[in-house]
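Below you'll find the structure, written out as structure tokens, and then a few comments.
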Amino acid sequence: MPIYFNAVSHLWIGCLFIANGLMLTWLLRSKFESFRSFTQPLEAQVLSGFFISLGLNGLILLLLNSLSLDFSLAKWPLGLIGFGQAALVYAFIVKLNAYHAFRFEINIARFVLYLFVFVVLFYNGGLIDKVSDSWWHMSLANKIALEGTYSPAVGHLIGLPTRYYPPLWHGNLALANQLSGISIAVFWNSLTAWVAVFKVMAFYLFAYGISKNKTTGVLAAMLFVVLPGVGVSYLRVSAWPSHIAYTAWYAMFYVFALFLDGLPPEKATLRQAVSQLISTSGSKLITLLFLSVIIFFTHKAEIVWFVVAWFSYLIAASLSRSLSTGSQYIIARDHFLLLYCYRAILILIAIFGVWFAVNHRYLKTGLSDQLLANLLPVVLSVILLLLDIRFKSKMVLVCIWLVLLALIFGSVNYTHLYSLFVPEFALQAGQFYESSAVAIGYFGDELKIPSWHLQLRSGLLYSGVLSVIVAVVLLIVKPNRLSILTAGTGCVAMLFCASPYLYHWLQGVLNYHSTWRISLMVFHPIVWAFALVTLNEFRKTLADPRA
Amino acid sequence: MRIIQKRLLVFFALAAVLALLVYDARPHFDKDLIQLKRENNSAQRNWSLFFGQRFVFYEGPFRYEDDMNRIRDLIEPGRIVLSDLATSYYAAASLPVYVRNVHRHQGREYSSSWRKLLNRRTACNLHQQDVFLAFNKFIDVEQRNSASREQPQFKYVLVNKDSNNKNLRLDCLWHRRALLMENIVRVSKLKYEGEFLNLYEINDRSPTSASDG
């Protein structure tokens, strides 16, 4: 078997999916100090190059699509842009000695990790040795290439109208196929190694961004590679559109964490604070918007998970604040802008929850599990709002906490939770593989709940599920941005997977068959990396108490 | 004394965390797991030190590319191809055609006539006269319906002769390919004979030819 049978496709990947974006990244770095500041790590530049290239290619295809021109014509604008940018790089960077635009930060551990991932995944290849959904995606890419349009006239696989799927990644594959003449399957196989590296790079940035510690970042990236996880850790599946979106999702966490670093001083008024934040973090906001657009046209769902993750962060911040006995001020937890955002979101959820229940006529059904499922988020929002207000009376605080805990623990299906560890106790699964399981509520109604077999059991046992407990311990022992985020996201994700009431509501609101992917928010590699670093620091302190 | 206790505690905590991480990381380094997964037809989603490109090469469509390229020039775009499950997906990803032999959640259930044909394994038993007549009738009805509904027309049968690709074994159309090739020529003509793939084009139908065979 010729092991390098797809070697040429790697050259095309470099040209089509990195070169143009990387040159634009260098140009932006040479001109904008704020952009340069957060693209200093090599990972940030590579990812910037990748996503800009995807966006640029997508935009050119959109133009050709709207003019009803053949996609193979994209070589002209792409070539022009490439040569134009090369000339600009020479004129503005090389000639003006602005070499700081090329500089990047990397260390040997990260470099070796990425090299290892690339070599292993090059050797393993993509998941095309099985008849899986990857072929559905390749079929769509093939029809986009053949018809030269983002929306093939008669669907694609079976020749009948089909559901809309965000076409950016498929369009890029179609473009690669049209320009190179190499089959989509070969590209799919080759891209697996590249995107696997990009995903690990993005995860490093994410961990580094929220921890501000390179050791934690590197350890988290290593653990991301070796630990099982829900879907996202399947490196042989990296060429799927969802994994492109996961990569952008992690990059968004990195940029948003840096955005939070720019929170203005406490003394400022709300208006001053917001305008200062916008003026100092404009490039980060634009980057966040750009990455959101990439996700929206690639897989969509990760935008929701991004918002849910930071909302979970605010919940954890608020709850830890309400329990904290000291008066220590933690900017990542106690900043007044975060407080405003949190309260506003809670009020919006409560209003939306009531609207959703009224709109779906749940209020008219009488007392039922459906009604409970729809009212629970509203009641929880109100309780969280009350807890965010600092009560002078400890008694009131304890009472509200007890109600919150009663509601949360009362909504969990313990047979389902137990069946995570003992599959024999699993609830009745749905008809199709991806269908939800069915749990019976207090009033005998059927409620949806994610079946553990959906990658969840293999992804959560054991480091995943144990990391949620460890994250809460770390939040108590060492409250900071990382511990608040990982504890908040881990608890919220596990709660939605164990509570049929909350899961049923979320699936109804999102109208998304894979709502179980909320479990992607269990960021266990980061938790374990932080735990190891913290334990090691503690060990050093014990060895030398003066340190 | 307390410091020693604390040191021991930290040591055990570190050891426990590392042991858990090593335990969970094992699948990447487990050679037997690959064989076990292959025997159970389970996908190898995680990377493994022992999973080589040979699996992808022999159990993917790469070796059929020459055949696919030739076939691309011979077929009428926008038609429906009947093939085994795996080859159907390979064809959809590289040819300008549509397929109906797909997984249930990807549209197999959409057309009741195709669902019946595939679920009853009609095309696998063309050597039986009654089944052959049913298949013949199916072609007539399907071509008539697709014309009236302006949907893609069933025009080709693609037979994969490869014996190294385990994915092909999911379907009786591959297991009984010899019988299929022997009988399909009664309603079609051999358009292309390649190293791995044979393409048959369904004969043009006139009202009288429906009772042939």
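Every read-out reported here was derived from the displayed coordinates using simple, explicitly stated rules and does not represent laboratory data. Remember, predicted model here, so these are calculated numbers, not experimental data. Here the Cβ positions follow ideal geometry from the backbone for every residue, glycine too, while neighbour counts run over all protein chains shown.
Would you grab the residues whose amide H sits under 5 Å from the one on A:GLU105? Only those 5+ places off in sequence or on another chain, please, with H modelled 1.01 Å from N.
Here A:LEU42 satisfy the definition.
Using the Kyte-Doolittle scale, which helices in chain B average at least 0.0 and also have C-alpha atoms spread 30 Å or more along the helix axis, with helices defined as whole DSSP H runs?
Length and hydropathy pass: B:2-25.
Expected output is a single nm value to one decimal: the length gained when fully extending between A:GLN428 and A:ALA153, i.e. 0.36 nm times separation in residues minus the C-alpha distance. What is it? Write out the running numbers ahead of the final one.
On the way: separation 275, 0.36 × 275 = 99.00 nm, distance 3.92 nm.
Extra length from A:GLN428 to A:ALA153 when fully extended: 95.1 nm.
Do any GluC sites (Glu not before Pro) in region B:109-213 lie in a DSSP loop with no more than 12 other beta carbon atoms within 10 Å, and if so, which?
Working: sites: B:GLU109, B:GLU142, B:GLU150, B:GLU182, B:GLU193, B:GLU195, B:GLU201; in loops: B:GLU109, B:GLU150, B:GLU195.
Taking region B:109-213 and a limit of 12 other Cβ atoms within 10 Å, the loop GluC sites (Glu not before Pro) found are B:GLU150, B:GLU195.
Would you list, by chain and number, the lysines whose Cα falls below 20 Å from the Cα of B:LYS191, excluding same-chain residues fewer than 8 positions away?
In chain and number order, the partners are B:LYS155, B:LYS161.
Between A:LEU88 and A:LEU339, what FRET efficiency comes out of the Förster formula 1/(1 + (r/R0)^6) with R0 = 45 Å and r the beta carbon distance, rounded to 0.05? Mind dumping the intermediate values first?
Details: r = 45 Å, r/R0 = 0.99.
Working from the Cβ atoms, E equals 0.50.
Could you calculate, for region B:62-211, the ratio of the Cα radius of gyration to the Kirkwood radius, expressed as Rg to Rh? Can you show the working numbers first?
Numbers: Rg = 14.3 Å, Rh = 15.4 Å.
Dividing the radius of gyration by the Kirkwood radius yields 0.92.
Using mean Cβ contacts within 10 Å as the protection proxy, how do A:13-25, A:216-228, B:44-56 order, highest first?
Values: A:13-25: 21.0, A:216-228: 23.8, B:44-56: 19.4.
Packing proxy ranking, top to bottom: A:216-228, A:13-25, B:44-56.
What Kirkwood hydrodynamic radius, in Å, does region A:43-102 give when the mean of 1/r is taken over all pairs of distinct Cα atoms and then inverted? Intermediate values should be presented prior to the final figure.
On the way: mean 1/r = 0.0760 Å⁻¹.
Computed over region A:43-102, the radius equals 13.2 Å.
Normalised by the number of residues in chain B, what is the relative contact order in percent for Cα pairs under 8 Å and 6+ residues apart? Before the final figure, lay out the partial values.
Numbers: 247 pairs, mean separation 40.0, N = 213.
Value for chain B: 19 percent.
Could you calculate the FRET efficiency of B:GLU182 with A:LEU323 from 1/(1 + (r/R0)^6), where r is the beta carbon distance between them and R0 is 60 Å, rounded to 0.05? Can you show the working numbers first?
Working: r = 77 Å, r/R0 = 1.28.
Efficiency computed from Cβ-Cβ geometry: 0.20.
Would you compute, from DSSP H runs of 4+ residues alone, the mean residue ellipticity of the protein assembly as shown at 222 nm, taking -39500 (n - 2.57) per run and dividing by the full residue count, rounded to the nearest 500? Don't jump to the answer; show the numbers that get you there.
Details: 33 runs with 461 residues, N = 760.
Rounded to the nearest 500, the figure is -19500 deg cm²/dmol.
Gap in Å between the Cα centre of region A:54-118 and the Cα centre of region B:95-136?
Centre-to-centre (Cα) distance: 47 Å.
Counting only pairs 8 or more places apart or on different chains, how many lysine pairs in region A:7-289 have C-alpha atoms closer than 24 Å?
So the count works out to 11.
For A:CYS399, B:CYS124, A:CYS497, what's the fewest-to-most ordering of other Cβ within 10 Å of each Cβ? Mind showing how you got there, number by number?
Details: A:CYS399 13, B:CYS124 20, A:CYS497 27.
By the 10 Å Cβ count, ascending: A:CYS399, B:CYS124, A:CYS497.
Reachable lysines from A:LYS394, Cα under 26 Å, same-chain residues fewer than 8 places away excluded?
In chain and number order, the partners are A:LYS478.
What distance in nm lies between label points placed 7 Å from Cα along the C-beta direction at A:VAL8 and A:LYS75?
Rounded to a tenth, the inter-label distance reads 1.2 nm.
Mind giving me the nanometre distance, one decimal, between the label points for B:LEU190 and B:ARG205, set 7 Å out from Cα along Cα→Cβ?
With each label point 7 Å from Cα toward Cβ, the separation is 2.5 nm.
Nothing charged except the Cβ atoms of Lys and Arg (+1) and of Asp and Glu (-1): what's the magnitude of the dipole of the protein assembly as shown about its Cα centre? Round to the nearest 20 debye.
Numbers: 67 positive and 43 negative charges, 338 e Å.
Roughly 1620 debye, rounded to the nearest 20.
Name the chymotrypsin sites (Phe, Trp or Tyr not before Pro) in region A:68-173 that are in a loop by DSSP and that have at most 11 other C-beta atoms within 10 Å, would you? Each step should come with its number before you reach the end.
Numbers: sites: A:PHE71, A:PHE83, A:TYR90, A:PHE92, A:TYR99, A:PHE102, A:PHE104, A:PHE111, A:TYR114, A:PHE116, A:PHE118, A:PHE122, A:TYR123, A:TRP135, A:TRP136, A:TYR150, A:TYR164, A:TRP169; in loops: A:PHE102, A:PHE104, A:TYR150, A:TYR164.
Those satisfying the criteria are A:TYR164.
Helix A:336-359 versus the longest principal axis of chain A: what is the Cα-based angle in degrees, 0 to 90, to the nearest 10?
80
Under a point spin-label approximation (7 Å from Cα along Cα-to-Cβ), what is the A:ASP261-A:LYS300 distance to one decimal in nm?
3.5
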